[in-house]
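Right, one structure below, let's go through it.
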Amino acid sequence: MTAHPSMLQKGRFSDAISPGTTPDENKAERFRALALPHLDAVYTLARYLLRDPSDAEDAAQECYLRALRHFDTFRGGPIKPWLLAILRNVCRAEYARRGRAAAPLDEAETDSENVPETLWSASDGSPEATSLVRLDAETARALIAQLPEPFREVLVLREIEDLSYREIAQVVGVPVGTVMSRLARGRGLLRQAWRAEETQE
Amino acid sequence: MKCEDAIVLVHALADGELDAGHAREVEAHAEACTNCAEELAAAREMKNALAANDLRYAAPGSLRARIEGAMPKPQPVADRRTWLKGFALGGAVSALAASGIGFLVLHDARDDRLLGDAISAHLRSLQSEHLTDVLSSDQHTVKPWFNGRIDLAPPVPDLTAQGFTLIGGRLDFLDGQPVAALVYRRRAHVINVFVGQVLGAGSAAPQMQVVQGFNVLRWRKGGLSMIAVSDLNREELQEFETKFAAAG
């Protein structure tokens, strides 16, 4: 996204926002009060989805511009899932630009239909055998960042953004059942990675 | 319940996403099925391990400034109008909340005053940056701090490994009675635990209720009454109580 500085040029904002007119001011005012408190949440999801700080900044900014432009379509309720859904679309456009087509996500959709009966691999042994060692924040973040995208996003939305299943379904655009099975799978994968990290330390 | 359903549903159980009926069904299945019991334990453990750290990222100030700068500047007049509107709305909401409380007062005035105070104390602790008088994640610092300040010794378990971080403690008052307030954090959620000698007609078994949108869990143990207040979901607050009671 950094290769597209045009996205951040001021000229582009002025199309969307026509300063000086009262309805727009009210709209922007309302938007500011509702949406700005969620900037950390938007930036956090962008960091996990794009795995690059400067791309995440660009995506968060683009998200807020799009959100303000389409604020009329916001139908009330919690604004956080609505913002995160926009951010996710911005990130997917960035995937496409990076040359990684959106394919991985769609493949995963069919993949997640068949959740394995045992989510812990045989090598993992009984999950209860020993409890997980506490890792520092940086290591935990890196482990999450390594998860395949479909599982990473639901896990981040649940465990870090604290969204409900219904809200996650809204953000990702899949049924609640899919959210649930991806989350189950994601936790299993993360556990394996966590274990591997423990033995390395 | 089929195992292939239950193994996914235990995650919804751990996340507090199931209604009471389904939760019981999944719990019953997990009690009888080792596989699903292990999956449930593992899911909870994973949640705790993740909740032990703040894994969010803070947006850089420069980004905030760029976004703010891209919005139309608010006019002072519009500003005040919106502020007043918000104020009026706040008044309406308070009036609504107050009428709800007034209704309950008929039931048990004493108990409601107590719970009202607990919610107020919780809110105050969040708003005023006055979360704690003694700021420490070390139980051996927090517990002795109450010596001489209050005539009871509150349990101060270290629940970091369970995903609940001790922030500290402070002295507070509920319905005119001094209480020890212990503060824990899970992700972005703050939990205030008020410990007093007799806080209402609480039973030993934990009781969950919703007061002004907050989850409130009360129980008695070791001759002390505990009231935990948080915006954390029911399942995780219940889990907190279980861990707190077991460790304390």
- Task: Starting from the Cα gyration tensor of the stretch B:167-248, take the square roots of the eigenvalues, sort them a ≥ b ≥ c, and report rounded, prolate or oblate (rounded when a/c is under 1.5, otherwise prolate if a/b is larger than b/c, else oblate).
- Result: rounded
- Item | Proximal charge balance of B:HIS189 [Cβ under 10 Å; K/R count +1, D/E count -1] | 0
- Note on the structure: Checked against the positive end of the charge dipole of the stretch B:192-248 (+1 on Cβ of Lys and Arg, -1 on Cβ of Asp and Glu, about the Cα centre), the farthest of B:PHE240, B:ALA228, B:SER203 is B:SER203
- Item | Charge dipole (debye, nearest 20) of the stretch B:108-170; +1 at Cβ of Lys and Arg, -1 at Cβ of Asp and Glu | 100
- Computed over the stretch B:152-248: relative contact order in percent, which uses C-alpha pairs under 8 Å that are six or more apart: 23
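Taken together, the values in this text are just the output of simple stated rules run on the coordinates, not laboratory data. It should be emphasised that the depicted structure is a prediction, and the values quoted were computed from it without experimental measurement. Please note: Cβ atoms are built from the backbone with ideal geometry, for glycine as well, and neighbour counts cover all protein chains shown.
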